[in-house]
Structure formats: C-alpha cells, structure tokens
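Data first, discussion second: the structure below is written as structure tokens.
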Amino acid sequence: MSAPLARLDPAVKLVVVLGLSLLLVLVIDPVTPTLFLALTVAVALAFGGVRPGLVARALVPLGIVAIGFVWTNALFATSHEPATWTLGPLRASEAGLRFGLAIAVRGLAIGMLSLAFVWTTDPTDLVVSLIHHARLPFRIGYPLLAGYRFLPFFADEHAQVRTARRVRGELAPRSPGGVARRALGELVTLLALAVRRATRIAIAMDARAFAAARRRTYYRAARLRLGDLAFAAGALAMALALLALSAAAGWLRIWDGRFAA
C-alpha cells in the first residue's frame, strides 16, 4: 500500500475512526452526518487509493440497511405529531421520517468510516501496532490475525461444498424447507472444516512454543511518526469545523436522551 492513509499507523487510525463514530452517535440530524459522509468518501478517494467503484459497491448494501431505518422510524417512531401520511393501517409521520433519515445517514457515515479504515489498513500492521501501542497481549493479537486471515477461505470452501454436493447428484431444492435443510447441511460442513483448520493452526503455534513465550521479537516495527499525530489533529480539527458549520447553519441537533422523533 503506497497511499498516504495506508502509511499511517493503524492504531492511530483506529482511535480516530472510533472517536468520530462515537461523536456521530450523538448527532440526530441528517445534514451533519451527510457532511461527515461526504468528507470520508473524498478523503478515501483522494488519499486512500480507494477506487470509486469499490465505494459505490459498498454503498449498495449500506443503502439498503439505511432505507430500512428510514421507513421503520417513519412508521413506528414515537412522535407527538399527528400522522402525515396514511395508507390503510399504516400511518407515517414527518417527524419519524426525519428521525429515520438522520439515523440512516449516520449509519452510512459510520459504515463508510469503518470501511475506509479496513481498505487502507494491513491486518498484520494493525496487530503489531495494537501490541506495541495499545498493549494488546500477543497471545490474543496473533490468534485474531490468524482467524482473520482465514476468513476469505470460507467463500472458496462454500463453493467447493456446493460443487461436491452437485457431483454426488444432489438436486437444487425447490421448497423453502429444502433450501433451509441444504443451508443447514452446508453450515455444518463449513463448521467442521473450520474446526479442523483451527486445530492445525493451534498445533502449529504450540509446536513453536507460542503459548510458552513471554516476549517476542517483531519483523515489522510500529513507530509513531509526526504524520500520525498530524493526521489525528487534522481529523479532530475537521470534525470540529463540520460541527461548527452545522451549528452555525442551524442544522445540528444533539441527542437529548429520548428515543423519539
């Protein structure tokens, strides 16, 4: 990774993403999270080396979830205002729609922050950085890294399981019950494969005295540089600037502790 964001310390980026996400949780207007979302996409494209097509594909599932937030809050959010739209037994309020839109855009902003972090961070660098800077025990960090590294194999193993079933003459189920039974059988097979893989990893790590070691040496060094501190300070400044802009324009609304529109 040669993009500027990819060269930053992963622990610093993680702290920034968590801080911005916690800040957005307290915001309940739709405009302020939109500003954060636009800034996150712009930074990921300009400084993260992220392709526009990747961002567009990521926004599709996030957008589907966001639409669910909008209509459920429009229909079911607690509001003192009368219903604005009525369709049979369904009664939607404008206040609930605004509240749902705010939650939806907030979810999009937090989701894009998280994805930008994943796209620009090497998992090994993240574990090493957390071990050095966050004092994460290496007995926890490296097993997590090993498990994360094997996640992409599940898609290939799932395809192999389905191919093996078709070779044995299994027909595609046509009823919902048949689909559920096939999915359950595939899940059991994948779990068995995962247990075997985890056992082999555990034996390999134990053979290298991983659990008995008290200290480790590291091939990769995780050092905090001036650019990391500048990035954290810049992110904080931009977040405060966006909040100030939203407050000056009269858009900013902070959660008051009530789950109501």
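With a Förster radius of 51 Å, plug the Cβ-Cβ distance of residue 198 and residue 245 into 1/(1 + (r/R0)^6) and report the FRET value to the nearest 0.05.
So the FRET efficiency works out to roughly 0.55.
Which FRET efficiency value, to the nearest 0.05, is calculated for residue 18 and residue 157 with the Förster distance at 41 angstrom and r the Cβ-Cβ distance?
Efficiency, from the Cβ-Cβ distance: 0.80.
Amide H of residue 210: which non-local residues (sequence gap of 5 or more, or other chain) have their own amide H closer than 5 Å, using H built in the peptide plane?
Long-range HN contacts for residue 210: none found.
Any idea what the relative contact order of the chain is, in percent, if you count C-alpha pairs under 8 Å spaced at least 6 apart?
32
Among the helices of the chain (complete DSSP H runs), which have Cα atoms covering no less than 20 Å along the helix axis and a Kyte-Doolittle mean of at least -0.5?
The qualifying helices are 10-25, 31-47, 52-76, 94-119, 151-167, 176-207, 226-248.
Taking square-rooted eigenvalues a ≥ b ≥ c of the alpha carbon gyration tensor, is the stretch 23-72 rounded, prolate or oblate, where a/c under 1.5 means rounded and, failing that, a/b exceeding b/c means prolate?
Details: a/c = 3.25, a/b = 1.36, b/c = 2.40.
Cα axes put the stretch 23-72 in the oblate bin.
State the label only: which of (i) 7, 31, 37, 22, 3, 0; (ii) 6, 25, 29, 21, 12, 6, 1; (iii) 6, 20, 23, 24, 19, 7, 1 corresponds to P(r) over Cα pairs in 10 Å bins from 0, in percent computed from the shown model?
(iii)
Which residues in the stretch 1-15 have a backbone N closer than 16 Å to a point placed 7 Å from the Cα of residue 148 along the Cα-to-Cβ line?
1, 6-15
Could you give the dipole magnitude of the stretch 108-261 about its Cα centre, charging the beta-carbon of Lys and Arg +1 and that of Asp and Glu -1, in debye to the nearest 20?
640
Based on alpha-carbon centroids, what's the gap between the stretch 1-72 and the stretch 150-198 in Å, whole number please?
Measuring centre to centre over Cα atoms gives 33 Å.
Arrange the peptides 106-116, 13-23 so that the one whose residues have, on average, the most other Cβ atoms within 10 Å appears first.
Highest to lowest by the protection proxy: 106-116, 13-23.
Is it possible to state the helix-based mean residue ellipticity at 222 nm for the chain, with each DSSP H run of 4+ residues giving -39500 (n - 2.57), the sum divided by total residues, to the nearest 500 deg cm²/dmol? What is it?
-23500 deg cm²/dmol
Every read-out reported here was derived from the displayed coordinates using simple, explicitly stated rules and does not represent laboratory data. Fair warning: this is a prediction, and the values are worked out from it, not measured in the lab. A quick note on method: Cβ atoms are made from the backbone with ideal geometry, for glycine too, and the neighbour counts reach across all protein chains shown.
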